[in-house]
Amino acid sequence: MNNAQIRNPIPRAIVKPGPKGKFVRSGKVKDIYELDADHLLFKFTDRVSAFDVVLPTPIPRKGEALCKMGAYWFETLGVPNHMVRLEGADGMVVRRLKMIMVECIVRGYLYGSLFERLGKGEVTLPVQKVLASKLPAPYFDPTTKSEVHDEPLTEAQIVQQGLMSSKELQEVKASTIGVYEKMSDRAKGAGFILADLKLEFGKDPAGRILMADSIGPDEFRMWPLAAYSPGKTQESYDKQPVRDWLQSTGYKARLDAARKAGQPVPPPPELPKELVEEVSGRYVRVYESITGRRLSG
Ligand SMILES: Nc1ncnc2c1ncn2[C@@H]1O[C@H](COP(=O)(O)OP(=O)(O)O)[C@@H](O)[C@H]1O
Ligand SMILES: [Mg+2]
């Protein structure tokens, strides 16, 4: 799900100075620091991206909402994971793992690249080709973990390529589907559909498999239940106003044209204040309605 090649550079002005430890890398959302040989610090920033472009305007409280949302899942899913503790409002200390180089995607709905692949006949599924329709059962749909373009992987390829043993694969697959089911139930209770989810796993020095990375809106699609209607594109609750605004101002069209022509990403515009407030409120509301917790600070 990463696409580093067509991503614009992170605007430097919104990379916070390092809290402590050695800076390792900036992802789309997280800044990662190495605390010691066994621990990393994930700083969840207020950066927002849309159409794979990181925008220059931060969304206040977004980092805090994502950090605490991830912590909520790690604390309550009952699956062994890498979280050690929270640090400050938007930091999470995690155990450093040897990552398993597979993106463990599970889908409850026919959407995104699975819909496209079904249309092209690249996968066979006993379903009608209706966009956003519910699949008969959660579908495990792993991909490579690439900086450039994630490619689908079959279970046989995962084992043949030595990414996991077949026993590890069965463990990770069952865990991924189990987590999807639990998260779907909680989302439903809060009025959302969890359409799909991407999890990552890693191994600790003893060889134990732990759930890792983060669990937030960049790792799943969540749709408001009230607006759900199969057969069309669904709104992604939190970022939709940003996408709509980029479309209405013509930026999206310029971006598409530049990408098509193989040109660099045009500089994205600053977001207006009201939009920033609306989006910030959405992140806070999703967090609070799903977790039943208040986002402090
Ligand atoms: N416990 C961990 N130990 C080592 N690496 C991890 C751990 N958890 C996640 N990672 C890796 O850290 C990186 C996070 O970077 P990235 O996904 O680019 O950030 P963002 O989600 O902000 O875009 C990923 O490559 C992920 O596999
Ligand atoms: Mg990521």
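The values are calculated or read from the model by the stated rules, or taken from the named source; none is laboratory data. A quick note: this is a predicted structure, and the numbers were derived from the prediction, not measured. Cβ coordinates were reconstructed from backbone atoms using ideal geometry, including for glycine residues, and neighbour counts include every protein chain displayed. Surface areas here come from the heavy atoms of the whole protein model, side chains and all, with no ligands, DNA or RNA. Shrake-Rupley method; radii C 1.70, N 1.55, O 1.52, S 1.80 Å.
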Hits in region 130-152 (condition: assigned to a loop (DSSP other than H, G, I, E, B) and closer than 24 Å to D52 by Cα): L131, A132, D141, P142, K145, S146, E147, V148, H149, D150, E151
Taking interchain pairs and intrachain pairs at least six residues apart, which have beta carbon atoms under 9 angstrom, with the first residue in region 204-233 and more than 12 Å from ligand 1 (Cβ to nearest atom) and in a strand (DSSP E or B) and the second open to solvent by 50 Å² or more (accessible area, probe 1.4 Å) and of a type outside the set (A, V, I, L, M)? W223/E235; P224/E235
Taking the stated definitions as given, is K145 within 21 Å of M92 (Cβ to Cβ) and open to solvent by 40 Å² or more (accessible area, probe 1.4 Å)? yes
Does region 257-295 hold any residues that are over 20 Å from the mean Cα position of the chain (by Cα), open to solvent by less than 40 Å² (accessible area, probe 1.4 Å) and without any contact (Cβ under 8 Å) to a residue 12 or more places away in the chain, and which are they? A258
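Would region 3-23 turn up any residue that is at pLDDT 85 or above, out of contact with any helix residue (DSSP H, G or I) (no Cβ under 7 Å at 6 or more places or on another chain) and not assigned by TED's automatic domain parsing to the domain that holds D218? Break it down into steps so the answer makes sense when it comes.
Step one: filter region 3-23 for residues at pLDDT 85 or above, giving 22-23.
Then drop every residue that is not out of contact with any helix residue (DSSP H, G or I) (no Cβ under 7 Å at 6 or more places or on another chain), which leaves 22-23.
Going one step further and asking which of them are not assigned by TED's automatic domain parsing to the domain that holds D218, we end up with 22-23.
Yes: region 3-23 contains one or more residues that are at pLDDT 85 or above, out of contact with any helix residue (DSSP H, G or I) (no Cβ under 7 Å at 6 or more places or on another chain) and not assigned by TED's automatic domain parsing to the domain that holds D218.
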I need the full set of residues from region 90-127 which are assigned to a loop (DSSP other than H, G, I, E, B) and more than 20 Å from the chain's Cα centre (by Cα), in order please. K120, G121, E122, V123, T124, L125, P126, V127
Just need a number here: residues in region 69-108 that are closer than 24 Å to P205 by Cα, of a type in the set (K, R) and in contact with a helix residue (DSSP H, G or I) (Cβ under 8 Å, 6 or more places away or on another chain). 0
Reported set for region 164-203 where residues are assigned to a strand (DSSP E or B) and not hydrophobic (A, V, I, L, M, F, W, C) is D196, K198, E200, G202, K203
Out of (1) touching a residue at least 24 places away in the same chain (Cβ under 8 Å); (2) within 30 Å of Q128 (Cα to Cα), the odd one out for P241 is which? (2)
With respect to the numbered conditions (1) open to solvent by 50 Å² or more (accessible area, probe 1.4 Å); (2) in contact with a helix residue (DSSP H, G or I) (Cβ under 9 Å, 6 or more places away or on another chain), which one is the sole condition not fulfilled by E151? (2)
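Yes or no, residue by residue, for (1) touching an Asp or Glu at 6+ places or on another chain (Cβ under 9 Å); (2) within 16 Å of ligand 2 (Cβ to nearest atom); (3) aliphatic (A, V, I, L, M):
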{"position": "S165", "(1), (2), (3)": "no, no, no"}
{"position": "E171", "(1), (2), (3)": "no, no, no"}
{"position": "G178", "(1), (2), (3)": "no, no, no"}
{"position": "E181", "(1), (2), (3)": "no, no, no"}
{"position": "G191", "(1), (2), (3)": "no, no, no"}
{"position": "K198", "(1), (2), (3)": "yes, yes, no"}
{"position": "F201", "(1), (2), (3)": "yes, yes, no"}
{"position": "A206", "(1), (2), (3)": "no, no, yes"}
Within region 207-231, the residues that are under 17 Å from the mean Cα position of the chain (by Cα), of a type in the set (G, A, S) and open to solvent by 40 Å² or more (accessible area, probe 1.4 Å) are none
